[in-house]
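S.K.: This structure is in structure tokens; I'll ask about it shortly.
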Amino acid sequence: MQLEEDHLGPHLNGKHLRPESLMMSYGYNPEWSEMAVKAPIYQTSTFVFKNAEEGKAFFELAYGLRDKGAEEQMGLIYSRLNNPDLEILENRLRFWDGAEDAAVFASGMAAISTMLLALLKPGDVILHSEPIYGGSDYYIKNILPKFGIQSIGFRANMEADEVAELLEQSGVADKLAMIYIETPANPTNHLVDIEACAALAKKHSTDDKKVIVAVDNTFLGPLFSHPLKHGADLLVYSATKYIGGHSDLIAGACLGSAAIMKQVKAMRTFMGSMASPWTGWMLMRSLETLKIRMEAMARGAETVAEYLKNHPKVERIYYLGDLQDNPQQQAIYEKQCLSAGSMISFDIKGGEREAFKFLNSLRLIKLAVSLGGTESLAEHPASMTHSDISPADRAVMGIGEGMVRISVGVEHPEDIINDIEQALEKVQVSVSSYA
């Protein structure tokens, strides 16, 4: 028996169900698959039409040749266009952020690149925060210019009026088509004011052109930050991270209004950048434990951050739960974040040499890139995830040679601290550094 549903989503006994409850079965009917309690993997490339007329109708809708009728449903055609596993997954994923539609991709970069190419054209300008993930940074600065798309970067911790002034001084404010932000920033955890970006986008929008605000919500989403509620138009995720959560798949996602997502999905169809049915099935599995995983990681990170903050070999910590000395960032945090999450970066005294000693000495925490998995991971941003950013730009962004980034997993926090403690013992700093 299916749940009743209105424009706010499914409800039971007069009360709307929360996302974590909907992750178990929403969008799937056991009668479709021999009464299996979980959706199977629809490992097929193509789907059979009942008749030629049905095939024609499905293609008309898929390629936008006509509008869908009031009671008409889009049927299955070919797994590059649609697949049951992906459709069920997308229907569930959108509930966390309150999005009208979602699309899943073969990777986070597939989601980002497909979204950018779908919504930008030659002559457009994209205004973006810095730092962002190294792959995104490279794509915006080195790939988009080949398509005649110019970029302007601003520091993630800039005041809103400073960003507006930077745009005006660029001389190309009239060509602004998108504001792309990553908040919290990777790896510095600097926050960008989403509402301020939405206001700036509205100021530069016209009747003929809406300036899109797109947010990479990977670090805190979809549980601890909901940018669509603060004026963003689109979200992108590396679903490899918290959404997947087990370091065993590669995927991406994009969410937003039905109108904008129609353009993104059309580009996905022709780029072939969709996720596979197997990946879709694994992500459905992961969504069922998303809330309890992220909450456990956040609790552990709070304990680990407190230890690092007081360690004499740690020069500075970058953690959203420790912003008391920065009123501007604290105000943004209180407005748009529900938790500090589980990402911690910190500067080790002694630069790269001592940071490497620390990383090489870890035993429980794995030395690897990526984040958001059940296991704790540590990496060196300057030489790994952000190595394709110039040293000068990294310095401006605050990504130093001694910075280490840790993604706190679900291990017991005292065990994580024990590993960090023994690794920091290998770090050699002068006595004066303890002062």
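S.K.: What is the residue count in the stretch 121-143 for residues that are crowded, with 20+ Cβ neighbours inside 10 Å and either over 18 Å from Lys202 (Cα atoms) or at pLDDT below 95 (or both)?
M.R.: Looking only at that region, the number is 8.
S.K.: Now for a separate question. Just name the residue that is nearest to Lys38 (Cα to Cα) out of those in the stretch 284-321 that are acidic (Asp, Glu) and under 22 Å from the mean Cα position of the chain (by Cα).
M.R.: Result: Glu288.
S.K.: Would you be able to say whether some residue in the stretch 323-341 is in contact with a strand residue (DSSP E or B) (Cβ under 6 Å, 6 or more places away or on another chain) and either surrounded by fewer than 22 Cβ atoms within 10 Å (Cβ to Cβ) or farther than 27 Å from Ser387 by Cα (or both)?
M.R.: No, that holds for no residue.
S.K.: Among the residues of the stretch 286-334, write down those that are part of a loop (DSSP other than H, G, I, E, B), touching a residue at least 40 places away in the same chain (Cβ under 8 Å) and acidic (Asp, Glu).
M.R.: Glu288 - this is the single residue of the stretch 286-334 that is part of a loop (DSSP other than H, G, I, E, B), touching a residue at least 40 places away in the same chain (Cβ under 8 Å) and acidic (Asp, Glu).
S.K.: If you don't mind, there's one more thing I want to ask. When only residues in the stretch 1-17 that are closer than 15 Å to Gly98 by Cβ and assigned to a loop (DSSP other than H, G, I, E, B) count, which is modelled with the highest pLDDT?
M.R.: Leu17
S.K.: Further question: Residues Ser376, Ser387: which one is exposed (fewer than 15 other Cβ atoms within 10 Å of the Cβ) and either in contact with an Asp or Glu (Cβ under 6 Å, 6 or more places away or on another chain) or small (Gly, Ala, Ser) (or both)?
M.R.: Ser387
S.K.: Let me ask you something else. Name every residue in the stretch 276-323 that is in the same structural domain as Gly398 (by TED's automatic domain parsing), in contact with a helix residue (DSSP H, G or I) (Cβ under 9 Å, 6 or more places away or on another chain) and of a type in the set (Phe, Trp, Tyr), in order of residue number.
M.R.: Tyr307, Tyr319
S.K.: Here is a follow-up. Pairs needed: first member in the stretch 382-401, in the same structural domain as Gly351 (by TED's automatic domain parsing); second member anywhere, among the β-branched types (Val, Ile, Thr) and assigned to a loop (DSSP other than H, G, I, E, B); C-beta distance under 7 Å; at least 6 residues apart or different chains.
M.R.: Ala382/Ile399; Met384/Val369; Thr385/Val369; His386/Ile399; Met397/Thr188; Gly398/Thr188; Ile399/Thr188
S.K.: Kindly state which strands (runs of 3 or more DSSP E) lie completely within the stretch 199-256 and contain at least 3 residues that are of a type outside the set (Lys, Arg), surrounded by fewer than 22 Cβ atoms within 10 Å (Cβ to Cβ) and assigned by TED's automatic domain parsing to the domain that holds Ala177.
M.R.: none
S.K.: Quick check on the stretch 79-91. Is at least one of its residues touching a strand residue (DSSP E or B) at 6+ places or on another chain (Cβ under 8 Å), more than 20 Å from Ser205 (Cα to Cα), of a type in the set (Ser, Thr, Tyr) and surrounded by fewer than 17 Cβ atoms within 10 Å (Cβ to Cβ)?
M.R.: no
S.K.: If only one of Glu54, Glu60, Glu72, Glu20 is modelled with pLDDT under 95, assigned to a loop (DSSP other than H, G, I, E, B) and among the acidic types (Asp, Glu), which one is it?
M.R.: That would be Glu72, the only listed residue that is modelled with pLDDT under 95, assigned to a loop (DSSP other than H, G, I, E, B) and among the acidic types (Asp, Glu).
S.K.: Go through the stretch 352-373 and give me each residue that's among the charged types (D, E, K, R), in contact with a strand residue (DSSP E or B) (Cβ under 7 Å, 6 or more places away or on another chain) and surrounded by fewer than 18 Cβ atoms within 10 Å (Cβ to Cβ).
M.R.: Once the filter is applied, which keeps residues that are among the charged types (D, E, K, R), in contact with a strand residue (DSSP E or B) (Cβ under 7 Å, 6 or more places away or on another chain) and surrounded by fewer than 18 Cβ atoms within 10 Å (Cβ to Cβ), the stretch 352-373 yields only Lys366.
Results for (1) hydroxyl-bearing (Ser, Thr, Tyr); (2) touching a Phe, Trp or Tyr at 6+ places or on another chain (Cβ under 7 Å); (3) modelled with pLDDT of 95 or more, shown as yes or no for each residue.
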position	(1), (2), (3)
Ile260	no, no, yes
Trp278	no, no, yes
Met282	no, no, yes
Ser286	yes, no, yes
Arg299	no, no, yes
Tyr319	yes, no, yes
Gln330	no, no, yes
Leu338	no, yes, yes
Gly341	no, yes, yes
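S.K.: Hey, another quick one. Suppose we filter the stretch 85-131 for residues that are out of contact with any Ser or Thr (no Cβ under 9 Å at 6 or more places or on another chain), in a loop (DSSP other than H, G, I, E, B) and within 24 Å of Ser170 (Cα to Cα); how many remain?
M.R.: Residues meeting the conditions: 5.
S.K.: May I pose another question? Would you pick out the residues in the stretch 182-197 that are farther than 18 Å from Ala382 by Cβ, aliphatic (A, V, I, L, M) and either assigned to a loop (DSSP other than H, G, I, E, B) or touching a His at 6+ places or on another chain (Cβ under 7 Å) (or both)?
M.R.: Those that are farther than 18 Å from Ala382 by Cβ, aliphatic (A, V, I, L, M) and either assigned to a loop (DSSP other than H, G, I, E, B) or touching a His at 6+ places or on another chain (Cβ under 7 Å) (or both): Leu191, Val192, Ile194.
S.K.: Of these, Gly75, Gly55, which one is small (Gly, Ala, Ser) and touching a residue at least 24 places away in the same chain (Cβ under 8 Å)?
M.R.: From the options Gly75, Gly55, the qualifying one is Gly75.
S.K.: Specify the residue that is surrounded by the most Cβ atoms within 10 Å (Cβ to Cβ); the eligible residues are those in the stretch 95-120 that are over 28 Å from Asp208 (Cα atoms) and out of contact with any Gly (no Cβ under 6 Å at 6 or more places or on another chain).
M.R.: Val104
The values are calculated or read from the model by the stated rules, or taken from the named source; none is laboratory data. Keep in mind that this is a model prediction, so the values were computed, not measured. Quick reminder, even Gly has a Cβ in these numbers, built from the backbone with ideal geometry, and neighbours come from all protein chains shown.
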